[in-house]
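The values are calculated or read from the model by the stated rules, or taken from the named source; none is laboratory data. In this text, all values refer to a predicted model and were calculated from it rather than measured experimentally. Here Cβ is always computed from backbone atoms with ideal geometry, including for glycine, and neighbour counts include all displayed protein chains.
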Amino acid sequence: MTIKLPQIIHDYLNASNAHDVKSILASFSETAAVHDEGQTLDGKKAIEEWIVRTIEKYKFQFKPLSVKDKDEEIVVEVAVSGTFDGSPVTLDYHFAVEDGKITSLAVG
């Protein structure tokens, strides 16, 4: 089954699987926010640090399973595998997208 994702989310997932920090970061707007593991990271500098830290810590790979539009966000169910207990896990990635960039991402 092929999942039809908005281009920016497709690009984010591909860059994430390649562990390409610059391309992942390019997916986000300047004022984007990420909520993950109980933290909220505001702005590109904090998001870049989060990207580097999570790549080093988890060596993750993403496989999108489904996508749905929910109110003003796009929810992508993702199988996440990596170097963490319980791998793989399925998580919902809640994206807000504006002008072709991710403005908000909440993982959970």
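List of remarks:
- Taken as a whole, the structure places VAL80 among residues that are at pLDDT 95 or above and within 17 Å of ASP11 (Cα to Cα).
- Among the residues of the range 93-108, just one is among the charged types (D, E, K, R) and either under 11 Å from VAL76 (Cβ atoms) or outside any strand (DSSP E or B) (or both), namely ASP99.
- Selection of the range 76-108 for residues being of a type in the set (A, V, I, L, M, F, W, C) and closer than 18 Å to PHE28 by Cβ yields VAL76, VAL78, PHE95, ALA96, VAL97, ILE102, LEU105, ALA106, VAL107.
- Failed item in (1) farther than 19 Å from VAL97 by Cα; (2) in contact (Cβ under 8 Å) with a residue 12 or more places away in the chain; (3) not polar (S, T, N, Q), with PHE28 passing the rest: (1)
- Residue match in the range 37-49 (condition: at pLDDT 95 or above, surrounded by 14 or more Cβ atoms within 10 Å (Cβ to Cβ) and assigned to a loop (DSSP other than H, G, I, E, B)): no
- Output for the range 95-108, where each listed residue is within 23 Å of THR2 (Cβ to Cβ) and surrounded by 16 or more Cβ atoms within 10 Å (Cβ to Cβ): PHE95, VAL97, ILE102, LEU105
- When restricted to residues that are in a strand (DSSP E or B), surrounded by 15 or more Cβ atoms within 10 Å (Cβ to Cβ) and in contact with a Lys or Arg (Cβ under 7 Å, 6 or more places away or on another chain), the range 79-92 contains 0.
- Complete set of residues in the range 4-19 that are within 15 Å of SER66 (Cα to Cα) and surrounded by 14 or more Cβ atoms within 10 Å (Cβ to Cβ): LEU5, PRO6, ILE9, HIS10, LEU13
- The residue list LYS68, LYS22, LYS63 contains one member that is in a helix (DSSP H, G or I), among the basic types (Lys, Arg) and surrounded by fewer than 16 Cβ atoms within 10 Å (Cβ to Cβ), which is LYS22.
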